[in-house]
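No lab work stands behind these numbers, since they all come straight from the coordinates. What you are looking at is a predicted structure, and each value in this text was computed from that prediction instead of being measured. Note: ideal-geometry Cβ built from the backbone for every residue, glycine included; neighbour counts use all protein chains shown.
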């Protein structure tokens, strides 16, 4: 506990080695401060593990274990079972990045949920493999530049869509699954607190900006995460037993450009010699921005974040062909790709 | 009292006597009967444990890792592909010095896919940092599992009890199952110093850098080498309790023979018969079985093998591109102490091929005539010297 502030537990204490402006460090600080030191934390391999346990020096003031990349949910299953076998109901929390959740860790997470373990799984979603130097994950949004989805003569960044992991998880007869982000602390706090009152598997996906990987100024992490919500790209929602039970409604929708243009990972979409919708120049960038807008609109419609209808084809926006660019509404450009 | 039990049932009975609180497993032939028996014991209320159906062997290993770190005794079992799928976690369990006990129901590895017994699965894991005990019989499997828990918990090292699939797991033999009170006297309640606990928080599995990784690895190696003494001491203790004694190696006329065969696992049963028959013919021959393969019992190997004139290693695994694994290690151990004996290296019984008595006898006769030594020769090949085409 922090002597200056009895409401802070400092489970994740100062002196760790996160980059300045790290959204994951912020989110982990919020989550672990809310849960406290009377819990057991299981960490997947990733930035959070690396910057908090560098060279056998730990920033954790709660019991903490890391095994390998893919198995955090399974290790936590074992920890939880061991505690419950002794009648100990100490909370068990998993912390993982999007790689450890959407990709390599998904099977263990699915098993953990299917078996009904009493565990809160927190995914700090920074939308790529940041620890290894910004490689694409299945959480990376469409059209993003990463080192393994680079824009080039034949590419506008990541071809495929961000995996809708929340729906996958909610389809597991899941008592509680929610999204949150660092810009909306009170929302995040309410969700953590609610999650901690529910027994069984629970899931929190927290959008955590990464100044390094998203290529934005370190001072903008909170602003960027707010814009992700306000554009509709990252809806803040709660699902209980598979049903949407609450959403954070938007007073008005911000255009996705407001979000995209702050981040170098989308910069190639704006590097057009011409933004006109022609088959020449870098019209593809403009087209991808429209596609991202359509994806935001689709999410807004799906979760009813706004009452009004939008002008984009939100049905086709969620369809990406194996080869080919996607389903944004327009002009027959798909045929060229 | 002796009971006629299938090997898997006997193994499950032994596990039950050790009072694990968590059993996590994923089915794979020929391990399945072990975990089915345990699941039934849990379902019937005969074993006060949680049976966790893992979604893969990778998860099963991870669950027992977490269970032990969370302060409970745990058990898992697997074989073949399942063991290979666990690989990353097995190294991790050993590196974190967690006292996990598992049974490997030894089976060939793919490709070609084959469900029958050899040692290629567990031999592949020989460098993972686990203690490995290879058993000859179902009785020894029972006794070794009970000892394994105490060894693991004293050494803070994981133990893999390697039991030949089908040859042992699916074979009915009379087995003496110890009384619960005997096992309770022998095996104290589970205690793990670094249990995850909010009142004394540990960080387990943190990062390390070039300036301390090497030291941590050296500690692990030292613990494994020291485990030789622990295994012997615990074996002696167990003998007092049950009258059944197990050493690091199991000798059958090895110390007084000119030619000594070296084997692992259930092959020993057949080789004993061959030795009997050869000795009746006046041959000076014996066999040494490595019960403990990791840590390698170098001193015992020197004691039992130094006086031999010829050593014949027959093993059910090989290092692809090199040759016999056990043979190479026996050579290295003896050369280290300046003992230069001709050592033949044979590989046989792969994928469940029967190592017939006549094959073993032929090996002995060929070796006694040969001027050079056999170097990783495959026994019972249908087309000698070439790979058999798949039908």
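If R0 is taken as 35 Å, the Cβ-Cβ distance between residue A:88 and residue B:4 corresponds to a FRET efficiency of 0.30.
Helix B:213-242 axis versus longest C-alpha principal axis of chain B: approximately 80°, rounded to the nearest ten. Which residues does a label at residue B:222 reach in region B:95-134, if reach means a backbone N under 16 Å from a point 7 Å past the Cα toward the Cβ? The answer is B:97, whose backbone nitrogens lie closer than 16 Å to the label point.
Shielding by partners for peptide A:51-57, expressed as the average number of C-beta atoms from other protein chains within 10 Å of each residue's C-beta, is 5. Take every Cα pair under 8 Å whose residues are at least 6 apart in sequence, average their separation, divide by the length of chain A, and the relative contact order is 13 percent. Averaged over peptide B:282-289, the number of partner chain Cβ atoms lying within 10 Å of each residue's Cβ comes to 0. Percent of C-alpha pairs per 20 Å bin in chain A, short distances first: 32, 57, 12, 0. Calculate the FRET efficiency for residue B:281 and residue B:184 from the Cβ-Cβ distance with a Förster distance of 60 Å, rounded to the nearest 0.05. Once rounded, the FRET efficiency stands at 0.80.
Could you calculate the FRET efficiency of residue B:381 with residue B:115 from 1/(1 + (r/R0)^6), where r is the beta carbon distance between them and R0 is 30 Å, rounded to 0.05? After rounding, the FRET efficiency stands at 0.90. Against the main long axis of the alpha-carbon atoms of chain B, helix B:57-69 sits at an angle near 60°. For the pair residue A:4 and residue A:241, the difference between a 0.36 nm per residue extended length and the Cα-Cα distance amounts to 81.3 nm. Spacing of the modelled spin labels on residue A:261 and residue B:369, each 7 Å from Cα toward Cβ, amounts to 9.1 nm.
For region A:231-265, the residues whose backbone nitrogen is under 11 Å from a point 7 Å from the Cα of residue A:190, taken along Cα to Cβ, are A:237-238, A:246-249. Note on B:316, B:16: ascending count of other Cβ atoms within 10 Å places them as B:16, B:316, the fewest first.
Rounded to the nearest 10 degrees, the inclination of helix A:23-35 to the longest alpha-carbon principal axis of chain A is 40 degrees. Remark: A:104, B:231 ranked as A:104, B:231, counting other beta-carbon atoms within 10 Å and listing the fewest first. Relative to its Kirkwood radius, the Cα radius of gyration of the protein assembly as shown gives an Rg/Rh of 1.06.
Convex hull volume per residue, computed on the Cα atoms of region B:255-391, equals 116 Å³.
Ordered by the number of other Cβ atoms lying within 10 Å of each residue's own Cβ, fewest first, A:52, A:148 fall into the sequence A:148, A:52. Modelled this way, with points 7 Å down the Cα-to-C-beta line, the labels at residue A:148 and residue B:233 are 4.8 nm from one another. Stokes-Einstein diffusion for chain B, with the hydrodynamic radius set to the Kirkwood value over Cα pairs and evaluated at 20 °C in a medium of 1.002 mPa s, equals 100 µm²/s. Rounded to the nearest 500, the 222 nm mean residue ellipticity of chain A from helices alone is -9000 deg cm²/dmol, with -39,500 (n - 2.57) taken per DSSP H run of at least 4 residues. Here the spin labels are modelled as points 7 Å beyond Cα on the Cα-Cβ line, and at residue A:114 and residue B:197 they lie 3.5 nm apart.
Partner shielding of A:33-46 amounts to 2, given as the average count of beta-carbon atoms from other chains within 10 Å of each residue beta-carbon. How large, in Å, is region B:199-291 by the Kirkwood hydrodynamic radius built from its alpha-carbon pairs? It is 16.9 Å. The sum of -39500 (n - 2.57) across all DSSP H runs of n ≥ 4, divided by the residue count of chain B, sets its helix-only mean residue ellipticity at 222 nm to -12500 deg cm²/dmol.
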